[in-house]
Amino acid sequence: MFVAGYLLFPVLRKTLFEIKILFLGMISAMFIATGITLVTYNLLLCSAFTIDQQKETGSLLTIIGLVLFVTTLITFFRGLGKQ
């Protein structure tokens with residue numbers, strides 16, 4: 001999964017503006033949703049982590065998702081200026 005994500009970035013640079021926004025928006029929404037899920041539940045969703053580690057991971061995923069969302073907005077408005 002990481003290799004596929006790593007190989008996706010060079011492809012995204014050459015894609016259409018609309019597809020770029022779509023992918024960035026979906027990725028940020030998935031990170032935010034996963035982060036909120038990990039933070040709100042007080043039961044272990046993965047047995048590899050403790051609850052504290054799960055909450056820390058959820059917080060970081062939420063922050064990463066919000067940063068990606070802001071990046072999506074910046075990319076969107078820059079792309080509107082070019083078209």
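Normalising by residue count, the chain has a Cα convex hull of 86 Å³ per residue. Loop-located trypsin sites (Lys or Arg not before Pro) in the chain (DSSP state other than H, G, I, E, B) with a sparse environment of at most 12 neighbouring Cβ atoms within 10 Å: K14. Listed by chain and number, the lysines whose C-alpha is less than 26 Å from the C-alpha of K82, apart from same-chain residues fewer than 8 away, are K14, K20. For the chain, the membrane-span-like helices by this rule, meaning whole DSSP H stretches whose C-alpha atoms cover at least 27 Å of axis and whose Kyte-Doolittle mean is 0.5 or above, are 17-40, 51-82; this says nothing about an actual membrane.
Spin-label model, L80/A29: points 7 Å from Cα along the beta carbon direction are separated by 1.9 nm. Dividing the alpha-carbon radius of gyration of the stretch 1-45 by the rule-of-thumb value 2.2 N^0.38 Å gives 1.50.
Laboratory data are not the source of any read-out in this text; all were calculated from the coordinates shown. Note that the structure is predicted; figures quoted are calculated from it, not measured. Glycine also receives a Cβ, built like all others from the backbone with ideal geometry; neighbour counts cover every protein chain displayed.
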